[in-house]
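Remarks on the structure that follows.
The values are calculated or read from the model by the stated rules, or taken from the named source; none is laboratory data. Nothing here was measured: the structure is a model prediction, and the numbers come from that model. Note that each Cβ is placed from the backbone with ideal geometry, even for glycine, and that neighbours are counted across all protein chains shown.
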Amino acid sequence: MSGDAASEFRLKNDLADLERVAGLLWNFCRDHGLSEEVSGDIRLAFDEAVSNTIRHGYTDRDSHEIVVRASVAGRKLALEIEDDARAFNPLEAPLPDVTLPVEEKPIGGLGVLLIRTVMDEVDYQRRGDWNVLRVVRAIGRA
């Protein structure tokens, strides 16, 4: 794995743009020596967080910019996602009961559960009109 590094990616609130930035993020992970497993976890967290923001966060049809910062420091990769969608703290969202039979499960909530499962740290802040989600994944965890 190479030394500390950081990169910033910007995308529009459009699911087509999500795939483009997901590829750039994957390349960032691989360029810095992260395993396929860690890269996959980062991609999953990114996909879930940003697709939920695009689908549920905006109340208008205007174009908005989402900023994604990825950084590797020591044995951790941090991903910070900023958007100007309506306020949503994923840490306050109720987690779904995965023990319920499929026909009784409410729709939604699995994305937040997946993020909290694959990442080691999840932090949310509202800064002015911006949501800031920061997730951290240890690179060498078992």
Margin query: Consider the stretch 1-51. How many of its residues are part of a helix (DSSP H, G or I) and in contact (Cβ under 8 Å) with a residue 60 or more places away in the chain?
Written below: 8
Item checked: Qualifying positions in the stretch 75-95 - in a loop (DSSP other than H, G, I, E, B), under 14 Å from residue 123 (Cα atoms) and not small (Gly, Ala, Ser) -> 88, 89, 90, 91, 92
Check: Picking from 21, 67, 72, which residue would you name as being touching a Lys or Arg at 6+ places or on another chain (Cβ under 6 Å) and under 18 Å from residue 5 (Cβ atoms)?
Finding: 67
Next item on the list: Keeping to the stretch 123-142, report how many residues are over 22 Å from residue 65 (Cα atoms) and either in contact with a helix residue (DSSP H, G or I) (Cβ under 7 Å, 6 or more places away or on another chain) or not aliphatic (A, V, I, L, M) (or both).
Entry: 4
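Looking at the stretch 99-122, which of the residues that are of a type in the set (A, V, I, L, M, F, W, C) and touching an Asp or Glu at 6+ places or on another chain (Cβ under 6 Å) is modelled with the lowest pLDDT? It would help to see each step written out before you state the result.
Our first condition is that a residue be of a type in the set (A, V, I, L, M, F, W, C); within the stretch 99-122, this holds for 100, 102, 107, 110, 112-115, 118-119, 122.
Filter again for touching an Asp or Glu at 6+ places or on another chain (Cβ under 6 Å), leaving 114-115, 118.
Details: 114: 83, 115: 88, 118: 88.
The selected residue is 114.
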Check: If you go through the stretch 13-38 one residue at a time, how many are within 14 Å of residue 83 (Cα to Cα) and either buried (at least 18 other Cβ atoms within 10 Å of the Cβ) or touching a His at 6+ places or on another chain (Cβ under 7 Å) (or both)?
Finding: 2
Next item on the list: Would you check if there is a residue in the stretch 27-40 being over 22 Å from residue 113 (Cβ atoms) and of a type in the set (Val, Ile, Thr)?
Entry: no
Check: In the stretch 39-56, which residues are surrounded by 14 or more Cβ atoms within 10 Å (Cβ to Cβ) and over 17 Å from residue 134 (Cβ atoms)?
Finding: 39, 40, 51, 54
Check: What number of residues within the stretch 52-73 satisfy the criterion of being closer than 22 Å to residue 124 by Cα, among the charged types (D, E, K, R) and not in a strand (DSSP E or B)?
Finding: 1
Margin query: If a residue must be under 16 Å from residue 136 (Cα atoms) and not charged (D, E, K, R), how many such residues does the stretch 1-46 contain?
Written below: 17
